[in-house]
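What follows is a set of notes on a single structure, which appears directly below.
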């Protein structure tokens, strides 16, 4: 096999076109080996194999610097830069992450997992190169879906200002995660249909030179185009048209389903059948569809990740104009939701916790200063959520709970979640965010409140004495286990509290606890710095109350096991009991 001779990009320089094409096929076999057994981003990686081979054939990495947008399409790049064992040898799967990583290789320059960033990052590399009087090409690789993100457009707008070598490869497969949304895609379509010659060209409008490659999976065409722009003295866009999922029929036809995929049987083209049971995505979708049918003012909004709340293509069609996908434009979504609410609509915007990080200014300025009653569903906001360093959902409490006017709720059970969601949609006083549970679907047979307008009223679920446990959201179940353990070992049942509100404290209840409690334990599924527990500890600062705050250290975790993180942060009931009642003795 040719791949056995490739240890660095230099090893493919002597290959002819036929050999490079054969190499691409071998690379796909390595991708299939890893992705079918481990899962990961399938469509993006299968679609860009030929383009990556051609880039490394023409350019000289790492002197010539590649920046992959999102970088979930970097697997071929990793194979060609000394990391092929992580794809062909099962024992080495854990050697690499699913994104570019400078700790792995000198050929990677950034840890990147969020979209629309490559042009800006690469602009910085090019600017520094020019200031130092160095040479070399800087190449940003960005997908068409990523172009809808504001930072991508900001980067494109600035790129012409560089006035020096800068190459932007636009990988156009006419797809984001789902279908593309936005007016600029009409222009991309026109460029594709005119072989790049349409009179309206958004890239030329930005002051950039432009080349078009009709078949972005044709190595010969790619080499010709890349060779023509290598070492140029001005910014240039190379617009290539590729097929997402190229080389695997199920991924070519079902592009959305195969953007990312769990482990599967390559012959069958599907994952083994399993009883997945209840999940909050599907249940949220069904709940919102019923609300939209009953009230035309209800609108569900997403930002390119519709299935995060269960909206498959069929469900999106059912929702019709009351479902809005803004593309990769979370900031726009928040501001638009504020406008919808201001004009009497009932918007619900859902996305992942780490993606909400992009929207701090819009939540603060456009939504909360104006106190417009929009609903934000914060998904995977948990240690139980996404595990990659670029997609951590554990920073939301510190970020969002300190924005004035926002009501941030943390349900402890399924019934409470949907009750909070229903209240939020129907109320007209507050901007509300709700942390979607992420630790499985936990039901309760106890009544849950239907009105949360009396803010910051915690719920005592077990009355006790001596010790009070404030167990927030996904950690409520840990609180239940801890309460049982304390009662068993001490003979005195503690008070167990479901705080529900992340954005404020229940002063009346906290004051009442002073009467027959000497210890308070807080549990939160997020970082402790700036979090919920600190609010409680600060309240008791001048009182004779011992407060123990349990949560996560402020750190970037990567590809972690949840059990290991809970253990290292002393978040098991046994560890907490030992800390509080036995002085930390193991």
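Hey, among 102, 9, 44, which residue is farther than 21 Å from residue 245 by Cα and assigned by TED's automatic domain parsing to the domain that holds residue 216?
102
Mind counting the residues in segment 458-467 that are loosely packed, with under 15 Cβ neighbours inside 10 Å and either in a strand (DSSP E or B) or in the same structural domain as residue 402 (by TED's automatic domain parsing) (or both)?
At the first step, the residues of segment 458-467 found to be loosely packed, with under 15 Cβ neighbours inside 10 Å are 463, 465-466.
Narrowing the set further to residues that are either in a strand (DSSP E or B) or in the same structural domain as residue 402 (by TED's automatic domain parsing) (or both) leaves 466.
The qualifying residues number 1.
Does residue 301 count as at pLDDT 95 or above, closer than 21 Å to residue 184 by Cβ, surrounded by 20 or more Cβ atoms within 10 Å (Cβ to Cβ) and in contact with a helix residue (DSSP H, G or I) (Cβ under 7 Å, 6 or more places away or on another chain)?
The answer is yes for residue 301.
When segment 304-335 is examined, which residues are found to be at positive phi and touching a helix residue (DSSP H, G or I) at 6+ places or on another chain (Cβ under 8 Å)?
Taking segment 304-335 as the starting set, the residues that turn out to be at positive phi are 304, 310, 320, 327.
Once the filter is applied, which keeps residues that are at positive phi and touching a helix residue (DSSP H, G or I) at 6+ places or on another chain (Cβ under 8 Å), segment 304-335 yields 304, 310, 327.
How many residues are under 28 Å from residue 113 (Cβ atoms) and touching a helix residue (DSSP H, G or I) at 6+ places or on another chain (Cβ under 8 Å) when one looks only at segment 554-586? Write out each step before concluding.
Initial filter on segment 554-586 (under 28 Å from residue 113 (Cβ atoms)): 554-569, 571.
Then drop every residue that is not touching a helix residue (DSSP H, G or I) at 6+ places or on another chain (Cβ under 8 Å), which leaves 556-559, 567, 571.
Selection size over segment 554-586: 6.
Pick out, from segment 55-141, the helices (runs of 4 or more DSSP H) lying fully within it that include 1 or more residues that are touching a strand residue (DSSP E or B) at 6+ places or on another chain (Cβ under 7 Å).
Counting at least 1 such residues, we get 75-78, 118-131.
Restricting attention to segment 473-481, does a residue exist that is assigned to a helix (DSSP H, G or I) and assigned by TED's automatic domain parsing to the domain that holds residue 398?
For segment 473-481, residues assigned to a helix (DSSP H, G or I) and assigned by TED's automatic domain parsing to the domain that holds residue 398: absent.
Would you point out which residue out of 499, 494 is over 30 Å from residue 389 (Cα atoms), at pLDDT 95 or above and buried (at least 19 other Cβ atoms within 10 Å of the Cβ)? Reasoning before the result, please.
On the way: 499 fails: over 30 Å from residue 389 (Cα atoms).
Just a single option satisfies the conditions, and that option is 494.
When you go through 251, 228 one by one, which is the residue that is assigned to a helix (DSSP H, G or I), out of contact with any helix residue (DSSP H, G or I) (no Cβ under 9 Å at 6 or more places or on another chain), assigned by TED's automatic domain parsing to the domain that holds residue 168 and touching a residue at least 12 places away in the same chain (Cβ under 8 Å)?
228
Could you tell me which residue of segment 433-443 is farthest from residue 416 (Cα to Cα), considering only residues that are in contact with a helix residue (DSSP H, G or I) (Cβ under 7 Å, 6 or more places away or on another chain) and loosely packed, with under 14 Cβ neighbours inside 10 Å? Let's see the steps before the verdict.
Of segment 433-443, the ones in contact with a helix residue (DSSP H, G or I) (Cβ under 7 Å, 6 or more places away or on another chain) are 433-439, 441-443.
From what is left, the residues that are loosely packed, with under 14 Cβ neighbours inside 10 Å are 441, 443.
Numbers: 441: 11, 443: 9 Å.
This residue is 441.
Right, residue 179: surrounded by fewer than 22 Cβ atoms within 10 Å (Cβ to Cβ), outside any loop (DSSP other than H, G, I, E, B) and in contact with a strand residue (DSSP E or B) (Cβ under 9 Å, 6 or more places away or on another chain) or not?
Here the answer is no, as residue 179 does not meet what is asked.
From 509, 455, 470, which residue is surrounded by fewer than 15 Cβ atoms within 10 Å (Cβ to Cβ) and either assigned to a loop (DSSP other than H, G, I, E, B) or touching a strand residue (DSSP E or B) at 6+ places or on another chain (Cβ under 8 Å) (or both)?
After ruling out the rest, the residue left standing is 455.
The values are calculated or read from the model by the stated rules, or taken from the named source; none is laboratory data. This is a predicted model, so every value here is computed, not measured. In this analysis, Cβ positions are derived from the backbone assuming ideal geometry, glycine residues included, and neighbour counts consider all displayed protein chains.
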